[in-house]
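One structure is given here, and the rest of the page talks about it.
Quick note: the coordinates plus some simple rules give every number you see, no bench work behind them. Just so we're clear, the structure is a prediction, and the values are computed from it rather than from any experiment. Please note: Cβ atoms are built from the backbone with ideal geometry, for glycine as well, and neighbour counts cover all protein chains shown.
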Amino acid sequence: MKRNRIVFFGVVFVLLVFPLTFVFPGSGKKGEAEGKAAAPITLRIWFWGEDEAPGLKAWLDETGSMYTEKHPNITVESEILEIDAIYPRFLAAVAAGDPPDLHMLWGGVLGLEQCWAGNVTPISDYWTEEDLSKIYSGTRGECYWNGEQWAVPLYIDPWLAAINKDVWRKSGLDPDNPPTEWDDFVRALEKIKAAGFLPWAVGMKDGYYGAWFPSLMQYQYWDSFTELHKAVVGEQKLTDPNHSGWWYAIQELRDKGLFNSDATSITLSEGNDKFLVGNVGFVLGVQPLIAYYLKEMGTDKVGVMIAPSPGNGKLKGYLPVPAGAELYIPINAKYKKEAADFLKFMYTRERQNALHVQTGAFGGSNTLDPDVIEYPQNKQIFEWMIEKPTGTYNFNYPGAFEEALYSIGQLFMADEVDAKEAAQMYEEEAAKWRKDNPEQVKNFKIWIDKPFQP
Amino acid sequence: MKNRIKENIEGYLYILPALMVVIFIYAFPIIKNIQYSFLDLSQQGAPFVGFRNYRVAFTDKTFFISIKNNFTLFLLIPLLVIFSLLFSALLYERLRGWKFYRTVIFLPYVLSITVVGIFFSFFFQGNGVLNMVLRKIGLEFLALNWLGSTKLALPTVMIVILWKEFGYGVVLFLARLMTVQEVLYDAAEIDGAGWFQKLWYITIPQLATVIEFYIFLALITMLSWVFNYIYVITFGGPAQRTYVSEFYIYIQAFRQNSIGVSAVVALFLFFITGLLAIFSYRIRRRLYAEYE
């Protein structure tokens, strides 16, 4: 009986102590020493993007196998992340001291926040300026901070507009020469409406379109994205004409009834899906979505254009080229040098060509051979990506600004506020963010002082 | 006395392993939440920021919209109780086909909230099924912007919640009614009591403890189990007018990367739920003493 008690209390003691090792983890070093090149190593890549660029995992695995042929001691393993799990898994892996060697995060501020938190290593520690020049200049700026480049795009999501050529022709318009000036664009939409079609399909229920409008129109008022950074820190106001012009432009379209009447009760995807029905003149979209339209509707029915804007800055007519997914090297990744080298391999012309052919998406490198591009619409997009790439509005401000645009955009579209009130509400949200996040304001000021120069 | 203490200690030691697991699963997240509420995890080293996260949360109008909406959802509780009571009382009459009706009433409750949410998000669209039918039968003036209007979106979601949740109350009350002594009703009938009098003087008192339990469950549901409805049907819109506290926590943690602020709101929710639990326990003790 006494022996049983001793055994029992011994077990209880072990059970008590064991869980404490999880509550109070040891002070294990955050990072291991760099892996020795000769010893067998496994490079791990966690990414999202298969939903937008189907075939991306197969391409990554193929790239990994090809890399292993050149470096027999290195095996590459890739894992797809769920969209809502991207940041939680990253933060948990870094905190646990066992992150993958390459991790996908969003570009712009959403990725730079991890750089500010000290969770990632700059790519520019391993890539030369010549290597970095292969990234589209419009995309580079969004992950360039304090003189360093922090991430490499996995693929690019050029952001533009699609038009239904049949609808345009039936409305008496020339779809092969869409308007580039705002007033001509408004007249074109009015003609489409008069012909009995829906000019512009929009879905606001999930709010995203509130940020899409300025992302495709407002930057055209500027000479550079530093103007947005200045508005973020309060050196310019979001009620100034160069920051609020788009509200008035969209108000004009709203008041003329050029959007669908159910815009506030359908999501962005549902709004964009209306384009497939064949009676919508114009939608905004990313290149993979437009590639989907081309496949479903036929290349003779779908045209592309850069969204017109009343703005007249140096960036007028430029194409936003955000990364669909950026790859970062976590601060405590085991094989940083090998990860950076693998990225260079991904950026060779052969691999970038294969990426486009297999997924339809554009890779992050401008070394793509235009001859592998199949659709004329994609060739046009590529031409714009090379000649006039620029950054993306909603990669260059804090997440709180985006959330504000979601809700203000919904009120605005439901005609519960006008353009002036909407711009004022937006500025008030910005002022609140500045008050609540003084450290982040400092980070934006560094961005202003050391901008990326293409 | 010493022997009794020794016996008690021994008993607690026997349940200690299981208790440790429970404490670890429940207490550890709460402790970490308290810790996070004082940190800025978006900065290197997660610095201590004092009560800044509390100030940010409690001066954010969206937070107050969320709490107000949770309290607005409480208005569903009397409706849930009344509907559940009436339907269970009717089913208890055991009219022909009552088992079929019971199944039909309970069916929405077993459906996945996500499935229900997706269906109703299409049903209530501007050009959705409901408005199409209303326009077709000449009731165009009723074809409203159910999900896109800041005034109508939350009441629309409340209708969906009521439809889905009241079946559980019906089944709960019916199960209790099945154990009520028939002689009480027989005696009331002999005394000339009508249907409503039997409901008021016999059924409701007999169901008192179950009603209290159901109200408590409904309060918890409206506070911390409506995230799925909001996420699927409105995503917090339009203009954050259907935010609830769970959704606010989700947005702060996973969209804004403000883990500290979300931790504050999570603690607030925990505190409110705890108060409700204590309050409910006291009421239930009194009811049990009175009616059982």
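Students often check this: by mean Cβ neighbours within 10 Å, which of B:126-132, B:44-50 ranks highest, and how do the rest follow?
Listed from highest to lowest mean packing, they are B:126-132, B:44-50.
Using a 10 Å cut-off around each Cβ of peptide A:203-212, what is the average number of partner chain Cβ atoms that fall inside?
For this peptide, the per-residue mean of nearby foreign Cβ atoms is 3.
Name all residues of the stretch A:155-172 having a backbone nitrogen under 15 Å from the label point set 7 Å from the Cα of A:I83 along its Cα→Cβ direction, giving them as ranges.
A:157
Going down the table (A:K237/B:K61; A:K170/A:K388; A:K191/A:K379; A:K445/B:K61), which pairs top 25 Å between alpha carbons?
A:K170/A:K388; A:K191/A:K379; A:K445/B:K61
Could you work out how much longer the chain between A:T42 and A:H71 gets when fully extended? Use 0.36 nm per residue separation minus the Cα distance between them, nm to one decimal.
Between A:T42 and A:H71, full extension yields 9.3 nm more.
Provide the packing ranking of A:227-235, A:197-205, i.e. peptides ordered by the mean count of other C-beta atoms within 10 Å per residue, highest first.
A:197-205, A:227-235
Whole Å is fine, so just give me how far the alpha carbon centre of the stretch A:319-336 lies from that of the stretch B:10-29.
Using only Cα atoms, the two centres lie 42 Å from each other.
I need the per residue convex hull volume for the stretch B:17-135, using only the alpha carbons, in cubic angstrom as a whole number.
That works out to 254 Å³ per residue.
Through the Karplus equation 6.51 cos²θ - 1.76 cosθ + 1.60, θ set to phi - 60°, convert the phi angles of the stretch A:229-236 into ³J(HN,Hα) values in whole Hz; use x for Gly and Pro.
Once θ is set to phi - 60°, the couplings for the stretch A:229-236 become 4, 5, 5, 4, 8, x, 6, 10 Hz.
Along the three principal axes, how long is the stretch A:250-406 when you take its alpha carbons, biggest first, rounded to the nearest angstrom?
Extents along the principal axes, in whole Å: 56, 40, 32.
Across peptide A:258-266, what mean number of C-beta atoms from other chains lies inside 10 Å of a residue's C-beta?
Per-residue shielding by partner chains comes out at 6.
Multiplying the sequence separation of B:M132 and B:I30 by 0.36 nm and subtracting their Cα-Cα distance, what value in nm do you get?
That works out to 31.9 nm of additional length.
At 7 Å along Cα-to-Cβ for each site, give me the label-to-label distance between B:E140 and B:F123 in nm.
Label at B:E140, label at B:F123, 2.6 nm between them.
How far apart, in nanometres, would the label points at A:A92 and A:K442 be if each is projected 7 angstrom from Cα along the Cα-to-Cβ direction?
The answer from the label model is 3.2 nm.
Report, as a whole number in µm² per second, the diffusion coefficient that Stokes-Einstein gives for the stretch A:329-374 at 37 °C and 0.692 mPa s using the Kirkwood radius over alpha carbon pairs.
After rounding, the answer is 284 µm²/s.
Take B:K99 and B:K61, extend 7 Å from each Cα along the Cα→Cβ direction, and tell me the distance between the two endpoints in nm.
Once both label points are built, they end up 5.7 nm from each other.
Find how many whole Å separate the alpha carbon centroid of the stretch A:179-256 from the alpha carbon centroid of the stretch B:246-261.
28 Å
Which number gives the lysine pairs in the stretch A:245-365 that have C-alpha atoms under 20 Å apart and are eight or more places apart or on different chains?
Lysine pairs satisfying the spacing and distance rule in the stretch A:245-365 number 5.
Please average, across the residues of A:423-433, the number of beta carbons from any other chain that are within 10 Å of each residue's own beta carbon, and give a whole number.
Per residue, the number of nearby Cβ atoms from other chains is 1 on average.
If you take all C-alpha pairs in the stretch B:184-270, what percent of them are over 23 Å apart?
Roughly 49 percent, rounded to a whole number.
Suppose we take every Cα in chain A and form the convex hull; what volume per residue is that in Å³?
Per-residue hull volume (Cα only) is 184 Å³.
What ranking, highest mean first, results for peptides A:438-446, B:238-246 when packing means the other Cβ atoms within 10 Å averaged over each residue?
Highest mean packing first, the order is B:238-246, A:438-446.
Tell me, what is a quarter of the convex hull surface for the C-alpha atoms of the stretch B:167-215, in nm² with one decimal?
Projected area, direction-averaged: 3.4 nm².
Skipping prolines and chain starts, which residues have an amide H placed within reach, meaning under 5 Å, of the one on A:A323, given they are 5 or more residues away or on another chain?
It is A:D157, by chain and number.
Would you mind giving the average projected area, over all directions, of the Cα convex hull of chain B in nm² with one decimal?
Average of the hull's projected areas for chain B equals 23.5 nm².
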